Amino acid sequence: MKRFHVHVNVADLATSIGYYQTLFGCAPNVVQPDYAKWMLDDPRVNFATSQRGRAPGVDHLGVQADGVEELAAIGARLSAADAVTLVEQDTTCCYARSDKFWSEDPQGLRWESFRSVGGAASYYAP
């Protein structure tokens, strides 16, 4: 099985480890003075492209939950760490209806934790 890889440069490793440990719900597998790595089996990857973003490059990263309980657990961890920046319920985006928790890592990289509940005919709801 293939595994998606994302490498993010960070300003403060300890603070970033704390954030990602909260987001993923587990400690890193490898920690060095200048490096940390998580080898996650869950989540799998959902990769999308569009021409609706700001500048070319990474717009945001995300964790897609399979069910209500998974999304609630992610939201609870982020909320307990005071890391949630926006909560969206039954919102339309990217041709899907979803429930979402948005957060930002210590560098300002946006993370979307979400559960899709159905398709939508438009990219955004009017």
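Please treat every number below as a calculation from the coordinates, not as lab data. Small disclaimer: the values here were computed from a predicted structure and weren't measured. As a convention, Cβ positions derive from the backbone with ideal geometry for all residues, glycine included, and neighbour counts pool all protein chains shown.
Near residue 117, the amide H atoms lying under 5 Å from its own belong to 97, 98, 99; only residues 5 or more places off or on other chains count, and H is placed 1.01 Å from N.
Values of log10 I(q)/I(0) for the chain across q = 0.11, 0.13 Å⁻¹ run -0.40, -0.56, by the Debye formula with one identical scatterer at each alpha carbon and no solvent. Relative to the 2.2 N^0.38 Å rule of thumb, the stretch 65-126 has a C-alpha radius of gyration ratio of 1.14. Relative to the dominant Cα principal axis of the chain, helix 13-24 is inclined by about 40°. With respect to the chain, whose longest principal axis is taken over its alpha-carbon atoms, helix 68-80 is tilted by about 50°. Using only side-chain charges placed at the Cβ, +1 for Lys and Arg and -1 for Asp and Glu, the dipole size of the stretch 2-126 relative to its Cα centre rounds to 400 debye. In plain terms, the residue of 5, 60 with the fewest other Cβ atoms within 10 Å comes first and the most crowded comes last, giving 5, 60.
The fewest-to-most ranking of 30, 117, 63 by surrounding Cβ atoms within 10 Å reads 30, 117, 63. Counting every other Cβ atom within 10 Å of each residue's Cβ, 47, 24, 101 order from fewest to most as 47, 24, 101. The mean sequence distance of close C-alpha pairs (under 8 Å, at least 6 residues apart), as a share of the length of the chain, puts its relative contact order at 23 percent.
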